[in-house]
Amino acid sequence: MQQTDVSKDGENMSGLDTKTDYELVRESCSGNQEAFAELIGRYKNLVYSVVLRMVNDPEDANDLAQEVFLKIYRNLDKYSPSFQFSTWVIRIATNTVIDFRRKKRMDMVSMEDLSVEPVGENSPEDAVGRKERQKQLKAAIDALPEMYRLPILLYHLEGMSYQEISKALKIPLSKVKNRIFRGRKLLRENLFGGQEGEKNDL
């Protein structure tokens, strides 16, 4: 491991704090743990605040933030400098929370399915139809370009406001609104083939 230079006052003189995110990523991939620690220091507050806003539970947020940084570390070699590192970090954070919330919702639905008996036309066929529509919607969202997918997920599935999304993704409010508008249009086209009569309230 690369040794850190320390001044007589005990300050870090390795120069890591002056390096770009991408330089730190490359050094982290080469095994420099101090470089990754610097990345954590830069983004731990951002990750925690985004996660906390989405789960609204400090204990869950702390656990999920740790999971986010584990995923970041394991996938550093996949990071492309064509994206801002902060955007890449937020994408991992939001996807981690979305998976967490989806699993919780699935657990809750499973419990409801066990306790509620279908009545009349609320038949197993209806349940299959609902699950199939949910599957189609998820596939359509996953197929969206990244720039549209994240705002759509944050707004419609996580209930974040335009302002919160703007702050989390570090993009202007006008771009958030535009991307959600265009993302919804693409979703309708993917789901209904552009048929105006079958729009749902996305």
Point to revise | Members of the stretch 13-48 found to be loosely packed, with under 12 Cβ neighbours inside 10 Å, on the phi < 0 side of the Ramachandran plot and of a type in the set (Gly, Ala, Ser), listed by number | key: SER30, GLY41
Point to revise | Residue check for ALA168: within 15 Å of THR94 (Cβ to Cβ), small (Gly, Ala, Ser) and at pLDDT below 85 | key: yes
Study note, to complete from the structure: Filter the stretch 62-91 for residues that are of a type in the set (A, V, I, L, M, F, W, C) and either surrounded by fewer than 17 Cβ atoms within 10 Å (Cβ to Cβ) or more than 13 Å from the chain's Cα centre (by Cα) (or both); the one that is farthest from LEU154 (Cα to Cα) is LEU76
Practice item. Determine which member of the set SER14, SER82 is farther than 24 Å from MET160 by Cβ, in contact with a strand residue (DSSP E or B) (Cβ under 9 Å, 6 or more places away or on another chain), among the small types (Gly, Ala, Ser) and modelled with pLDDT under 95. Key: SER14
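The values are calculated or read from the model by the stated rules, or taken from the named source; none is laboratory data. Here the structure is a predicted model, which means the values were calculated and not measured. Note: ideal-geometry Cβ built from the backbone for every residue, glycine included; neighbour counts use all protein chains shown.
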